[in-house]
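Q: One structure, pasted below without further comment.
Readers should treat all values here as calculations from the given coordinates under stated rules, not as data from a laboratory. Just so we're clear, the structure is a prediction, and the values are computed from it rather than from any experiment. Cβ placement follows ideal geometry from the backbone for every residue including glycine, while neighbour counts extend to all protein chains displayed.
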Amino acid sequence: MPPKNYEILPKTSETGEPIGELLEISMGPHHPSTHGVFRMDLVLDGETVVKLKPVFGYLHRNHEKIAENISYLGSMPYTDRLDYFCSMTNNWAYALTVEKLAGLPVPERAEYIRVIMAELTRLQNHTCLIGFFVQDMGALGTPLMYAFREREKILDLFESVSGARMMCNYMRFGGVRCDVTPDWLAQAKQLVDGYGKFLDEFEALFTENEILLARTQGVGVLPRELVVSASITGPMLRAAGVNYDVRKVDKYGIYGRFDFKVPLGEHGDIYDRYMVRVLEMRESLKILQQALRDIPSGPVMDPKAKLRGFRPKAGEAYGRIEAPKGELGFYLISDGSPNPFRYRVRPPSFINLTVLEDMCLGHRISDTVVILGSVDIVLGEVDR
Amino acid sequence: MGTLNIEHRTSNIEWTEMLGEQIIKGMAVTARNFFGSYVSKERLTTVQYPEERLTPKENTRQFPFLVYDGDDWEKGMRCVACQICEKECPPQCIYIVKSKDKKPDYKGQLQLYPATFDIDISVCMSCQICVEVCPFDAIKMDTEFELSTDDRFGGLLFSKDKLSKSNEHYRRIHPTDAAAVDEHLAGEKAKAEAKAKAAAATPANPAA
């Protein structure tokens, strides 16, 4: 029984005979390729996708409403759990917004530490993403294990400074929770120096691999106009050739001081999204090298900042950063009480997921898996 | 704005030219990693838990515990039942009932103590906010993580006798932090003693 609004492919041939039956299948929510609990309602003509409806909300945890009922500090550990691959950038986005709301300055050393943490997060997120994405194409296990091996080194660094591998809960309003040791900086420097070599090896597996080229080039193309009008951000936007990076546009924190380039794609297909991420990692290494070289000594917390009884004056603020997945924004309204009046997250992977159908129409069902992998979603952030 | 443009390196290549050399190249990488894992520690990073264990990092945090000084946990408990951690805990996993009577703390001052102090560690999310807000250095994070139990209600609700751990334990798991805390507390104690001495001396002054 074809769905009512199926009009994409003709139902009958020119002579009036039916071409074939449509099949509606439900892919997920517990499907190994959906990166979490995410469901796609697919209408298939043979193997070709004619309609796709993303269904999410299985991981909804009421994050925004909880945050409106606890103190400003209390939602900091909850932001770790949004995009659980990149807790450091989530912390930073939230801290940045509250600092904007309360007008808190951040000491120089804390700014440098934040940049180092955010770029390390970007490295590990993109490395893992590429591992997952090639796993979706059938490279089962091996590249993902290499990615996880390298990610573990970065998580070790996070653990030794913040106490937890993934749920770091490290940034505070007006600085970071604790200082990094010179020993830690030396370890980070060693990791950054060795990471380029790993990326070379990692790229040797994929960048010119025939299977990857055949599966990705010209698949899941997003035209420039659609990308802009659907407010897609992050590597997906830049893969379509739009030069927009919040680190360059806003220069939040101290990003204005670093010399780095923004990788831009041309075709907006999956291969460009892959290459944008690889090149972005190499640019992140450049930023890290500059930050680790220039980091000054000094305090890491603003003396005026306080943990308990934090009450920003009434007002509103929107703070945004370039998270590994795109523009991560927090919108807060304060009414002068200890908890926010309104708390809203602009999650990049949720908004990037809205164009899934446009990318998948006309492709095979096996391509939808790869296309979904290239969007880089984390369901903790999509569903909140 | 500096940008870096990606070229489709192979967009001009015909399919017939793609004969699979790059697949062989990729296999060389996997072979290097496979044989390398026998000789290089860099490429073999797994540990055979539980026979082999990594030493936990110094800052590692798992679940909170209550610190006590001395040998008797009931006498030496630092917690004064101020309930700040209970109020600040984001998932609200701490439950405190204040005592009716008072007991002396490390400075000799009479303070309340918790008649009940429960932490439901099945709810706790190890965020360390209780530790940060505690003004008395009474609650700290433990590194113990093997806490599985077959009783999911009572077995994961820790009361104060199970939560109390000695200051020696704290010094062992977080040596740097513990040293700073000990120094701070010793300073406070010395200040309190000096004040008490001054207070004791003041009434004598007019007489002299």
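Q: Could you tell me which residue out of B:Leu112, A:Val242, A:Ser349 lies farthest along the dipole of the protein assembly as shown toward its positive end? Charges go on the beta carbon: Lys and Arg +1, Asp and Glu -1, centred on the Cα centre.
A: B:Leu112
Q: So for each of B:104-110, A:285-291 I average, over its residues, the number of other beta carbons within 10 Å; can you give me the resulting order with the highest mean first?
A: Highest to lowest by the protection proxy: A:285-291, B:104-110.
Q: Normalised by the empirical 2.2 N^0.38 Å for globular proteins, what value does the Cα Rg of the protein assembly as shown take?
A: 1.12
Q: On C-alpha positions alone, give me the angle between the axis of helix B:21-39 and the longest principal axis of chain B, in degrees, nearest 10.
A: 40
Q: With contacts defined as alpha carbon pairs under 8 Å and 6 or more residues apart, what's the relative contact order of segment A:249-384 in percent?
A: 16
Q: Let me ask something else. Sequence-distant or interchain residues sharing an amide H contact under 5 Å with A:His363, placed H: which?
A: Distant-sequence amide H within range of A:His363: A:Val49.
Q: Where both partners of a DSSP beta bridge lie in the protein assembly as shown, what percent of those bridges are antiparallel, to the nearest 5?
A: Rounded to the nearest five, the antiparallel share is 90 percent.
Q: Under a point-charge model restricted to the Cβ atoms of Lys and Arg (+1) and Asp and Glu (-1), what is the dipole moment magnitude of chain B relative to its Cα centre, in debye to the nearest 20?
A: 700
Q: Hey, what did segment B:70-122 get for relative contact order, percent, Cα under 8 Å, at least 6 apart?
A: Worked out over segment B:70-122, it gives 35 percent.
Q: At a threshold of 8 angstrom on Cα-Cα distance, excluding pairs fewer than six apart, so keeping six or more, what relative contact order does chain A reach in percent?
A: 26
Q: Cut-off under 16 Å on the C-alpha distance; same-chain residues fewer than 8 positions from A:Lys65 excluded. Which lysines are left, in chain and number order?
A: Within reach: none.
Q: Which aspartates and glutamates have a Cα less than 18 Å from the Cα of A:Lys304, not counting those fewer than 8 places away in the same chain?
A: The qualifying aspartates and glutamates are A:Glu99, A:Glu108, A:Glu111, A:Asp179, B:Glu132.
Q: May I pose another question? Could you tell me the extents of chain B's C-alpha atoms along the three principal axes, largest first, rounded to whole Å?
A: 107, 51, 37
Q: Next up: If I histogram all Cα-Cα distances within segment A:299-384 using bins 5 Å wide from 0, what percent of pairs lands in each bin?
A: Using 5 Å bins, I get a P(r) of 3, 12, 16, 15, 15, 13, 9, 6, 5, 4, 3, 0 for segment A:299-384.
Q: Okay, helix-only estimate at 222 nm for the protein assembly as shown: each DSSP H run of n ≥ 4 adds -39500 (n - 2.57), divide by all residues, round to 500 deg cm²/dmol; what do you get?
A: Result for the protein assembly as shown, helices only: -13000 deg cm²/dmol.
Q: Just how large is the dipole of chain A about the Cα centre, in debye to the nearest 20, putting +1 at every Lys and Arg Cβ and -1 at every Asp and Glu Cβ?
A: 1740
Q: Less than 18 Å apart at the alpha-carbon level, and either on another chain or at least 8 residues along: which lysines does that give for A:Lys248?
A: Partners found: A:Lys261, A:Lys286, A:Lys325.
Q: Separate question: For the pairs A:Lys306/B:Lys162; A:Lys153/B:Lys57; B:Lys87/B:Lys140, note any where the Cα-Cα span goes beyond 22 Å.
A: Violating the 22 Å limit, Cα to Cα: A:Lys306/B:Lys162.
Q: Using alpha carbons only, how many degrees (0 to 90, rounded to 10) separate the axis of helix A:87-102 from the longest principal axis of chain A?
A: Its long axis makes an angle of about 60 degrees.
Q: With no solvent and one point on each alpha carbon, what is the Debye value of log10 I(q)/I(0) for segment A:241-319 at q = 0.20, 0.24 Å⁻¹?
A: Values, matching the q order: -1.00, -1.18.
Q: Need one number for segment B:121-208: average projected area of the convex hull over its C-alpha atoms, nm².
A: Mean orientational projected area (segment B:121-208, Cα hull): 8.4 nm².
Q: Okay, moving on. Going toward the positive end of the dipole of the protein assembly as shown, with +1 on Lys and Arg Cβ and -1 on Asp and Glu Cβ, which of A:Gln187, A:Tyr331, A:Ser26 do you reach last?
A: A:Tyr331
Q: Also: For segment A:139-212, take every pair of Cα atoms, bin their distances at 5 Å starting from 0, and report each bin as a whole percent.
A: In whole percents, the pair-distance histogram is 3, 13, 19, 19, 15, 12, 9, 6, 3, 1.
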